[in-house]
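Only one structure is covered here, and it is reproduced in the block below.
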């Protein structure tokens, strides 16, 4: 899966086995996994500057996981309806190349997930490139009353997902 065709997000040449490349809108189901792909844009001007983006909402073991890719705008009513129910939302929050912290909060309110996993923000590992992105603190602050906790890893299932309600910041070394 690739949300858009930028080489740093969709380098399919690295895959050396047989695979199904899901890079268009529509539905796909295999081995008990359902994937819905919804067309959005990488910017606020219908893709005129940065192109298209695909949001993936997939169901695995009864949990709806929505990956926003490089979403560049808040959603309209039709997109919210098309995406559907979301348990876990992976959402860009760093701005510059995607939505910023404030638009991300709006999208969270639109999709109303149980767990929010922010992505595409400034971390030390990015070095100087990371300066283009806002820090995670901006999103956490903008999200207001949402609880926030750091995790090295998450082991979620339909029985324990409510225990992780709020913003789950994934940390790594």
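The values are calculated or read from the model by the stated rules, or taken from the named source; none is laboratory data. Just so we're clear, the structure is a prediction, and the values are computed from it rather than from any experiment. Cβ atoms come from the backbone with ideal geometry, glycine included; neighbour counts cover every protein chain shown.
Evaluate region 8-31: report whether one residue or more is at pLDDT 80 or above, outside any loop (DSSP other than H, G, I, E, B) and surrounded by fewer than 18 Cβ atoms within 10 Å (Cβ to Cβ). No - not one qualifying residue is present in region 8-31. Just to be sure before I move on: is residue 171 modelled with pLDDT under 85, surrounded by fewer than 12 Cβ atoms within 10 Å (Cβ to Cβ) and touching a strand residue (DSSP E or B) at 6+ places or on another chain (Cβ under 9 Å) in the structure I sent? When the stated conditions are applied, residue 171 passes them.
Selection over region 62-81 of residues that are touching a strand residue (DSSP E or B) at 6+ places or on another chain (Cβ under 9 Å) and over 24 Å from residue 157 (Cα atoms) gives a count of 6.
With respect to residue 95, is the statement that it is out of contact with any strand residue (DSSP E or B) (no Cβ under 8 Å at 6 or more places or on another chain), more than 29 Å from residue 160 (Cβ to Cβ) and crowded, with 20+ Cβ neighbours inside 10 Å true? The answer is yes for residue 95.
With respect to the conditions (1) within 18 Å of residue 107 (Cβ to Cβ); (2) at pLDDT below 70; (3) not in a loop (DSSP other than H, G, I, E, B), residue 3 falls short on a single one, namely (3). Selection within region 36-61: residues that are touching a residue at least 24 places away in the same chain (Cβ under 8 Å) and out of contact with any strand residue (DSSP E or B) (no Cβ under 8 Å at 6 or more places or on another chain). The member of this set that is nearest to residue 121 (Cα to Cα) is 43. Just so you know, in region 119-142 the residues that are touching a strand residue (DSSP E or B) at 6+ places or on another chain (Cβ under 7 Å) and at pLDDT 85 or above include one that is nearest to residue 59 (Cα to Cα), and it is 119.
Check whether at least one residue in region 101-118 is at pLDDT below 90, within 25 Å of residue 147 (Cα to Cα), crowded, with 17+ Cβ neighbours inside 10 Å and touching a helix residue (DSSP H, G or I) at 6+ places or on another chain (Cβ under 9 Å), and report yes or no. Taking every residue of region 101-118 in turn, at least one turns out to be at pLDDT below 90, within 25 Å of residue 147 (Cα to Cα), crowded, with 17+ Cβ neighbours inside 10 Å and touching a helix residue (DSSP H, G or I) at 6+ places or on another chain (Cβ under 9 Å).
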